[in-house]
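Here, each number is a calculation from the coordinates, and none is a lab measurement. It should be emphasised that the depicted structure is a prediction, and the values quoted were computed from it without experimental measurement.
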Amino acid sequence: MKRRLRQPGLGILVLLLCIGVSCQDETISLVEDWTQLSDFPGVPRASASAVVLGEKAYVGMGRSEWLSGYLNDFWCYDIRMDRWDSLPPLPSFARVKAVACAMDSFIYVGLGFGYTPESANGSVLFDFYAFDTVKKIWIRRADYPGSAPNDLSYGVLDGKLFVTGGYTGTSFNKETYCYDPQLNEWTRKADFPNELGSKACFVIGNELYVAGGFRGRNYKTLYCYDGIRDEWSQKCSMPEGRILSTGLSIQNRGYVLLGRNWGGLENGGGLRSDMIAYDPKTDAWTLCGRFPGGKRQNSVAFSKGRTGYVLFGENEHQRFRDVWCFKDEAYED
């Protein structure tokens, strides 16, 4: 099932919102065309994980209730056919906020937070696995050596996984590590510049961008990690602080959307439905309109070619199973 929506009148709304948006002069790039795809056949969820390999997306984990109902199922979404198929579940504890990425022909999944027999109140998880997409089997890989494996920001740079800025279970953390799939080894890298949770992230080229977050208040900062130089730098901040958002990249532009304002210094409280885009060439943000599925947090997103996909999430009353896609036709490389 596909349902295409246009959002009339958003140009005026976005124009009113654009005052003070960016560090430099910026144009408006309005995403008006969204398509609703077939609903996910599994349990509605939030705080799941998703990654693309070839023409397919691999999606799983998360939770079906507020702070409970943790999941370890694993699914394959055929992007061209708009079809879902169930795969063998992760052979470990159900979890939220798991790291998930694609390297070579494998999907790597692990870390995060879940419930174990030793911890009735939940625990951070250090285990890490590779899924062979040809043989459909899971393989245990080297455990994460850092102290903060939950709520990490991450991305693949030059064939290696970089993770940063996690949560220990009691405090936010600056640690950055690199995982080499060929050596099955983790290596410590330059620390993240701040101690923040609930961030969004995306990758452009050989750089990992980490946006927003929370530590006592909303943050609107944008940090960039250069995988070649092993260095962090600060870029143009977002228009407003936000937490529990999701990020993705299309071509040479990064997107941050949805999430929540934690009531505080930089804005009022409440869920968000807007999407903004970052262009590293101009170091500036663009407002792109609103997500037609409604305000929500803890969604997941991925891209394929020039198309972005947004799945799942939650509001104050329910978790979702809907799937949407968009193309930002106004943007040119």
Q. In deg cm²/dmol and to the nearest 500, what is the mean residue ellipticity at 222 nm of the chain if only DSSP H runs of at least 4 residues count, each as -39500 (n - 2.57), divided by the residue total?
A. -500 deg cm²/dmol
Q. Using modelled amide H (1.01 Å from N, peptide plane; none on Pro or chain starts), what sits under 5 Å from the amide H of ARG83, excluding residues fewer than 5 places away?
A. ASP78
**Q.** Distant-in-sequence amide H partners of MET103 (H built 1.01 Å from N, under 5 Å)
**A.** TYR108
Q. Where does the Debye-calculated log10 I(q)/I(0) of region 209-304 sit at q = 0.10, 0.12, 0.13 Å⁻¹, using only Cα point scatterers of equal weight, no solvent?
A. -0.25, -0.37, -0.43
Q: Take every Cα pair under 8 Å in the chain that's 6+ residues apart, average their separations, divide by the length, and report that relative contact order as a whole percent.
A: 17
Q. In whole Hz, what ³J(HN,Hα) sequence does region 271-279 give by Karplus (6.51, -1.76, 1.60; θ = phi - 60°), x for Gly and Pro?
A. 6, 10, 10, 7, 10, 10, 10, 10, 10
Q | For region 3-327, projected area of the alpha-carbon convex hull averaged over all directions, nm² | A | 15.4
Q: Could you pull out the pairs from LYS56/LYS135; LYS174/LYS199; LYS56/LYS199; LYS199/LYS281 whose alpha carbons sit more than 20 Å apart here?
A: LYS56/LYS199; LYS199/LYS281
Q: Go through region 308-320 residue by residue and turn each phi into a ³J(HN,Hα) via Karplus (6.51, -1.76, 1.60, θ = phi - 60°); whole Hz please, and just put x for glycine and proline.
A: x, 10, 10, 9, 6, x, 7, 10, 6, 10, 7, 9, 10
Q) Which whole-Hz couplings ³J(HN,Hα) result when phi for each residue of region 248-259 is put into the Karplus expression 6.51 cos²θ - 1.76 cosθ + 1.60, θ = phi - 60°, listed in order with x for Gly and Pro? A) 7, 10, 10, 6, 10, 9, x, 10, 10, 8, 6, x
